[in-house]
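Written out below as C-alpha cells is the structure these notes cover.
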Amino acid sequence: DKDGLDPRLRDWFGDTGTAHLLAISGLHLAIVGFGLYRLLLFGLLWWPRLAQAGRPPAWAAAAALVLTWAYVVLVARSDATFRAALVMTLVLVGAVLARRATGLRSLGLAAIGLAIVDPHAPLGASFQLSFAAAGALVACQPALRSLDTWLSEPGRLEPRGLRVARWLLPGLAASVVTFAATAPLTLAWFGQLAPIGLLVNLVAVPLTALAVVPVGAGWLVLACVWPALAGLLAPLPEVAGDLLLGLVRGWAEVADAATQPAWPHLAGALGAAAVVLALVGRRGWPWAGVTAAACAVVVLAHGPATDALHVTFLDVGHGDAIVARLPGDRILLVDTGGSFRPDANRAIARTTLVPALTRLGVDRVDLLVISHAHLDHVGAAWQLPGRLPVREVWLPWCGTQAPPVRRLAAATLRRGGRVRMVHGGPRLHWGEVQLDLLWPEVDALRADGACRTSLNGGSVTLRLTYAGRRLLLTGDLEAESEAALVAADPAALRADVLKVGHHGSRTSSTSAFLDAVQPSLAVVPGRLAPGRMPPHQSVLARFQRRAIPTWVTGRDGALSLTIGADGRVRWWGHRDGSPRTLPADRVLRPP
C-alpha cells in the first residue's frame with residue numbers, strides 16, 4: 001500500500017534505481033513462496049514420524065504451492081506476481097514429481113503460458129523488464145559457478161575470505177547483470193537511467209528481502225492471529241521500512257536525477273536481448289554483436305533531423321505545454337500545464353510532462369517561457385528543474401509574486417539557471433529561427449506596480465519564424481489584447497500555425513484577430529467536453545467557417561509538426577501517427 005508514501009520518495013526511488021522495490025514483484029513473491037516451502041520442509045523434517053513417512057519435499061512443495069497461489073489471489077494480485085507464481089509453480093511441481101526444473105526451461109514455459117493467456121502481455125514494460133532481468137540471472141549462472149570453482153581452489157583464499165567472496169560476488173553479479181539487461185528497457189519505457197543503483201541495490205535488495213518483506217509479512221500474519229501481541233510489536237515493521245526509506249533518501253540526496261532521453265521501444269528490446277545473449281557465453285556472442293548493432297542503428301535513426309524545426313503540442317488536459325526543438329538542437333518549452341488542485345501538479349509533472357519530454361529525446365530545457373501565472377500554465381513548472389536542467393526562464397512582469405511562479409524561479413536559480421522578466425519588443429535569432437516577443441506591452445505595469453491588464457490579457461505572446469513559416473503562440477490572450485495587437489501591426493500576426501488563445505474560450509479568438517492571423521492550422525490545448533469550460537462551440541465555429549483545420553488536444557491527442565529547411569510543414573497526431581502535409585495553396589507566403 002503506497003497511498004501514504006510521500007510523492008518525493010517515488011522520485012527518490014527512481015533516481016536511486018530502486019523503484020522496483022515499490023512493486024509487489026517476483027522478488028517479494030519468491031521470498032514468501034520459497035520461504036513457506038523452506039519452513040514447511042523444516043517442520044516436516046523436524047517431526048521424526050513425518051520425516052520418515054513418504055517424501056517430505058513433495059508434501060512441503062505441494063502445500064507451499066497452494067499457499068502461494070492463495071497469497072497471489074487474496075493479497076498480491078498483479079501481473080508481476082502472476083508471472084512469478086507461474087515460474088514457482090513449475091519449480092515446485094518439479095519438486096512434487098522429483099524432477100528438477102531448470103531456470104531457462106521454467107522461464108521459457110512461463111513466457112509461453114503468459115503469451116497464450118494474454119497475447120498483448122509481451123508488449124508491456126512489466127513483462128519485458130521481468131524476463132530481461134530473470135533471463136540475465138539465468139544466463140550468468142554458468143559463469144558464476146566457474147568463478148566459484150576458481151575461488152575454491154586450494155590456496156586461493158583463506159576460509160573467511162572465501163565465505164565473504166561467496167556472499168558478496170553473487171549479490172554484486174545480480175545487481176550488475178540485471179542493471180545491464182534492464183537499462184535499455186528503462187530508457188525506452190520510462191526515460192530513466194540510474195547507474196548509482198548498482199551500489200544502492202547491493203544494500204537495498206538484501207534489506208528488503210531479509211527484513212522489510214519477512215518482518216512485514218510475519219507481522220501481518222500475527223495481526224490476524226493475535227492482534228494484541230501484534231499491537232505491541234507494531235514498531236518492528238516500521239523500523240524495517242524506515243531503514244529502507246532512510247537508505248534511499250540518503251543516496252537520492254547525492255544522486256542526480258535519473259531522467260534521460262528515451263530510446264525507441266524497439267531499441268530497448270534489442271539492447272536487452274543483446275545483454276542476455278552476451279551473458280550466455282561464446283555461443284551467444286555473435287548474436288549479441290548483431291543485436292547490439294541493430295540497437296545502435298535504431299537509436300541513431302530515431303534522432304530528429306537537425307535542419308528542421310520540431311514542435312509538439314502536448315496533451316496535458318486543460319492546460320498549455322508546447323515543446324520546440326530548434327535546428328542546432330536547442331530546446332524551447334512554452335508553459336508546462338498544471339492543475340488548480342495543488343496535489344495534482346506534481347502528478348502532472350511526473351506522469352505526463354517529464355515522460356513526454358523524455359519521449360521526445362529532451363535531456364534539458366534551454367529556454368522555458370511561462371506565458372502567465374495561472375496554474376494551468378505554470379502549475380507543474382516548479383517540478384521541472386529537479387528532473388531536467390533548465391538553463392533560462394522567461395516570465396511576464398505581471399503575476400511574478402504568485403506562489404507557483406516564485407517556486408519555479410527559486411528552483412531554477414537554486415540549480416544554476418537564470419530568470420528574466422520579459423515584455424514585447426525583443427527579437428532573438430537562434431540560428432536560423434527567429435523568435436519575436438509580441439506581447440505584453442513595455443508598460444505592462446502601472447507606476448504603483450499593478451498590472452494594466454488581467455493575467456490572461458498580459459500573456460507572453462511569441463512568434464517563431466523558420467524557413468518562411470510562422471507559428472503564433474498566444475497563451476491565454478483575450479479580446480482586448482488581441483485588438484491592441486491588430487491595431488498595432490496586423491501583418492505581424494500572420495502565421496501558418498496558431499496556438500488558439502485561452503483554450504478556445506469565447507473571450508479570445510475574435511473575428512478581427514483571426515482575419516489578421518489567417519492560420520492554415522489551429523491548435524486548441526484543452527478538453528472538448530459539454531459544459532461551461534472551453535473550447536466553446538461558438539469559437540470552434542469561427543474556425544469552421546474559415547475552413548481552418550482545428551486540432552483539440554483533449555480530443556485528438558498530442559500534435560507534432562515539423563518545418564523542414566525547404567519550408568515544408570508536416571503534422572501528425574500521437575494517437576493515429578499518420579503524417580500530414582499542409583496544402584500548398586492554404587499556406588501564407590511571407591512578404
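The values are calculated or read from the model by the stated rules, or taken from the named source; none is laboratory data. Everything numeric in this text was worked out from a predicted model, so none of it was measured. Because the Cβ atoms are built from the backbone with ideal geometry, glycine has one as well, and the counts that use them run over all protein chains shown. When the accessible area is computed, the model is the full protein with side chains, heavy atoms only, and any ligands, DNA or RNA have been set aside. Shrake-Rupley method; radii C 1.70, N 1.55, O 1.52, S 1.80 Å.
Below, the figures for the structure above:
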| read-out | value |
| --- | --- |
| Complete set of residues in the stretch 370-398 that are among the polar types (S, T, N, Q) and open to solvent by less than 10 Å² (accessible area, probe 1.4 Å) | Ser371 |
| Failed item, numbered, when Gly417 is tested on (1) out of contact with any helix residue (DSSP H, G or I) (no Cβ under 7 Å at 6 or more places or on another chain); (2) within 30 Å of Trp189 (Cα to Cα) | (1) |
| Near pairs, Cβ below 9 angstrom, 6+ apart or cross-chain, from the stretch 53-71 (under 8 Å from Leu40 (Cβ atoms)) to any residue that is open to solvent by 60 Å² or more (accessible area, probe 1.4 Å) and not aliphatic (A, V, I, L, M) | Ala60/Arg38; Ala60/Phe42; Ala64/Phe34; Ala64/Arg38 |
| Residue that is more than 30 Å from His302 (Cα to Cα), in contact with a helix residue (DSSP H, G or I) (Cβ under 8 Å, 6 or more places away or on another chain) and in contact (Cβ under 8 Å) with a residue 60 or more places away in the chain, where the choices are Ala110, Ala143, Ala95, Ala181 | Ala143 |
| Residues satisfying the stated conditions in the stretch 514-534, i.e. part of a loop (DSSP other than H, G, I, E, B) and closer than 14 Å to Thr474 by Cβ | Pro519, Pro525, Gly526, Pro534 |
| The stretch 455-472, residues that are open to solvent by less than 10 Å² (accessible area, probe 1.4 Å) and either in a strand (DSSP E or B) or of a type in the set (Lys, Arg) (or both) | Thr461, Leu462, Leu464, Tyr466, Leu471, Leu472 |
| The stretch 420-441, residues that are loosely packed, with under 13 Cβ neighbours inside 10 Å, assigned to a strand (DSSP E or B) and at pLDDT below 90 | Arg427, Leu428, His429 |
| Selection count where residues are modelled with pLDDT of 90 or more, open to solvent by 10 Å² or more (accessible area, probe 1.4 Å) and either at positive phi or not aliphatic (A, V, I, L, M) (or both), scope the stretch 527-553 | 12 |
| Long-range neighbours under 6 Å by Cβ, at least six apart or interchain, first residue free of Cβ contacts under 8 Å to residues at least 40 places away in the same chain and farther than 24 Å from Trp439 by Cβ within the stretch 370-394, second outside any loop (DSSP other than H, G, I, E, B) and among the hydroxyl-bearing types (Ser, Thr, Tyr) | Pro385/Thr412 |
| Cβ-Cβ under 8 Å pairs, at least 6 apart or on other chains, the stretch 500-525 side within 18 Å of Ala484 (Cβ to Cβ) and aromatic (Phe, Trp, Tyr), far side open to solvent by less than 10 Å² (accessible area, probe 1.4 Å) and part of a helix (DSSP H, G or I) | Phe513/Glu482; Phe513/Leu493 |
| Residues satisfying the stated conditions in the stretch 171-196, i.e. at pLDDT below 90 and either farther than 30 Å from Ala292 by Cβ or open to solvent by less than 60 Å² (accessible area, probe 1.4 Å) (or both) | Gly171, Ala173, Ala174, Ser175 |
| Matching residues, the stretch 137-166, being assigned to a helix (DSSP H, G or I), among the basic types (Lys, Arg) and surrounded by 10 or more Cβ atoms within 10 Å (Cβ to Cβ) | Arg145, Arg163, Arg166 |
| Filter pass, Val460 being touching a residue at least 40 places away in the same chain (Cβ under 8 Å), among the hydrophobic types (A, V, I, L, M, F, W, C) and closer than 19 Å to Leu333 by Cα | yes |
| Residues satisfying the stated conditions in the stretch 408-419, i.e. surrounded by 17 or more Cβ atoms within 10 Å (Cβ to Cβ) and either among the acidic types (Asp, Glu) or touching a Phe, Trp or Tyr at 6+ places or on another chain (Cβ under 9 Å) (or both) | Leu408, Ala409, Ala411, Thr412, Val419 |
| Number of positions in the stretch 93-136 that are open to solvent by less than 60 Å² (accessible area, probe 1.4 Å) and part of a helix (DSSP H, G or I) | 27 |
| Options His574, His502: the member that is open to solvent by 30 Å² or more (accessible area, probe 1.4 Å), within 29 Å of the chain's Cα centre (by Cα), at pLDDT below 90 and not hydroxyl-bearing (Ser, Thr, Tyr) | His574 |
| The stretch 261-287 residues that are closer than 18 Å to Val176 by Cβ, paired with ones that are of a type in the set (Ser, Thr, Tyr) (beta carbon under 7 Å, 6 or more apart) | Ala272/Thr182; Ala273/Thr291; Ala274/Thr291; Leu277/Thr291 |
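Yes or no, residue by residue, for (1) assigned to a helix (DSSP H, G or I); (2) surrounded by fewer than 21 Cβ atoms within 10 Å (Cβ to Cβ):
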site: Leu236; (1), (2): yes, yes
site: Leu243; (1), (2): yes, yes
site: Gly246; (1), (2): yes, yes
site: Arg249; (1), (2): yes, yes
site: Asp256; (1), (2): no, yes
site: Ala262; (1), (2): no, no
site: Ala267; (1), (2): yes, no
site: Val275; (1), (2): yes, no
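Let's see how each residue does on (1) in a helix (DSSP H, G or I); (2) over 28 Å from Pro404 (Cβ atoms); (3) open to solvent by less than 40 Å² (accessible area, probe 1.4 Å):
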residue: Val299; (1), (2), (3): yes, yes, no
residue: Thr306; (1), (2), (3): no, yes, no
residue: Gly319; (1), (2), (3): no, no, yes
residue: Ile348; (1), (2), (3): yes, no, yes
